[in-house]
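To keep things clear, I will list the structure first and then write my remarks on it.
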Amino acid sequence: MDTYVRANLSKFYSEISYISKKFIEEKFYIYTLEMTTEEIKKNRSLFLFDDVYFSKWLSILHQADLVKYASNSISFEKMIQDKNKLEDLIKLI
């Protein structure tokens with residue numbers, strides 16, 4: 001994967017992560033922007049929404065971490081799926 005594609009992929013997932021954390025922070029007044037995915041997982045009790053939604057959110061954050069920090073390759077279709085999953089979660093939470 002070339003450098004340009006890798007940079008844009010990383011930027012996309014950084015934004016997905018930021019948007020989701022910012023939404024949760026503003027809706028539930030939890031400082032998620034300052035938390036890692038692992039810290040969010042360990043503090044499950046702070047997040048007063050359904051386990052199914054929480055798991056879906058964690059999967060998006062985990063995928064973002066893999067792309068941003070482990071240089072994991074993702075298909076365009078997977079990017080669209082994750083974007084759509086986040087949009088659905090925001091509507092349902």
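The values are calculated or read from the model by the stated rules, or taken from the named source; none is laboratory data. What you see is a predicted model; the values in this text were computed from it and never measured. Ideal geometry is used to build each Cβ from the backbone, glycine not excepted, and the neighbour counts take in all protein chains shown. These accessible areas exclude ligands, DNA and RNA; they are computed on the full protein's heavy atoms, side chains included. Shrake-Rupley method; radii C 1.70, N 1.55, O 1.52, S 1.80 Å.
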* **In the stretch 68-78, the residues that are touching a residue at least 60 places away in the same chain (Cβ under 8 Å) and either touching a Gly at 6+ places or on another chain (Cβ under 9 Å) or open to solvent by 60 Å² or more (accessible area, probe 1.4 Å) (or both)** => SER71, SER73
* To do: Spot the failing condition for GLN81; the list is (1) surrounded by 14 or more Cβ atoms within 10 Å (Cβ to Cβ); (2) modelled with pLDDT of 95 or more; (3) of a type in the set (S, T, N, Q), and only one is missed.
  => (2)
